[in-house]
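Down below is the structure, laid out as structure tokens.
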Amino acid sequence: QVQLVESGGGLVQAGGSLRLSCAASGRTSSNKAMGWFRQAPGKEREFVATINWSGIVIEYADSVKGRFTISRDRAKNTVYLQMNSLKPEDTAVYSCAARDWSTSAYAKDYDSWGQGTQVTVSS
């Protein structure tokens with residue numbers, strides 16, 4: 001199994017930016033597809049973005065397209081989520097997840113999860 005540790009969350013004003021990082025460790029971590037999900041209080045976990053092992057295949061939720069960018073540095077075993085033009089509705093705990101090879105927008109398809117990092121966007 002892959003171990004995942006997120007960082008980079010915090011409090012930001014609407015319109016601001018944050019960059020989240022997800023550091024992966026484990027023998028096969030560089031071959032994993034990675035995903036970012038978020039969960040706001042009282043709401044279900046929702047898909048944000050995913051990237052395949054090579055970094056070529058990328059998908060975004062409609063709610064973040066054009067504002068968020070997912071990327072990965074395979075040499076550092078780290079996946080990033082650059083979040084720009086943040087809105088109060090982006091407030092949530094953001095978690096990264098890993099699965100074998102191909103991307104997926106469904107949380108049930110991922111078998112490794114980080115502990116999450118809080119992102120709070122004030123209006």
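The values are calculated or read from the model by the stated rules, or taken from the named source; none is laboratory data. Just so we're clear, the structure is a prediction, and the values are computed from it rather than from any experiment. Counting neighbours? That spans all protein chains shown, and the Cβs are built from the backbone with ideal geometry, glycine included. The protein model used for the area step is the full one, side chains on, heavy atoms only, and it has no ligands, DNA or RNA in it. Shrake-Rupley method; radii C 1.70, N 1.55, O 1.52, S 1.80 Å.
Per the listing Gly26, Gly8, the residue uniquely under 12 Å from the mean Cα position of the chain (by Cα) and at positive phi is Gly8. Applying the criterion of being charged (D, E, K, R) and at pLDDT 95 or above to the residues of segment 18-50, the residue that is surrounded by the most Cβ atoms within 10 Å (Cβ to Cβ) is Arg38.
Please tell me if Val64 is part of a loop (DSSP other than H, G, I, E, B), in contact with a strand residue (DSSP E or B) (Cβ under 8 Å, 6 or more places away or on another chain), closer than 21 Å to Leu11 by Cα and open to solvent by less than 60 Å² (accessible area, probe 1.4 Å).
Values: part of a loop (DSSP other than H, G, I, E, B): yes; in contact with a strand residue (DSSP E or B) (Cβ under 8 Å, 6 or more places away or on another chain): yes; closer than 21 Å to Leu11 by Cα: yes; open to solvent by less than 60 Å² (accessible area, probe 1.4 Å): yes.
So Val64 fits the description; yes.
The single condition among (1) closer than 18 Å to Gln3 by Cα; (2) of a type outside the set (D, E, K, R); (3) part of a loop (DSSP other than H, G, I, E, B); (4) within 12 Å of the chain's Cα centre (by Cα) that Gly35 does not satisfy is (3). Ile56 falls short on exactly one of the conditions (1) under 21 Å from Gln115 (Cβ atoms); (2) open to solvent by 50 Å² or more (accessible area, probe 1.4 Å); (3) not hydroxyl-bearing (Ser, Thr, Tyr), and that condition is (1).
Regarding Ile56, is this residue within 25 Å of Arg27 (Cβ to Cβ), free of Cβ contacts under 8 Å to residues at least 12 places away in the same chain and aliphatic (A, V, I, L, M)? Yes; evaluated as a whole, the condition is true for this residue.
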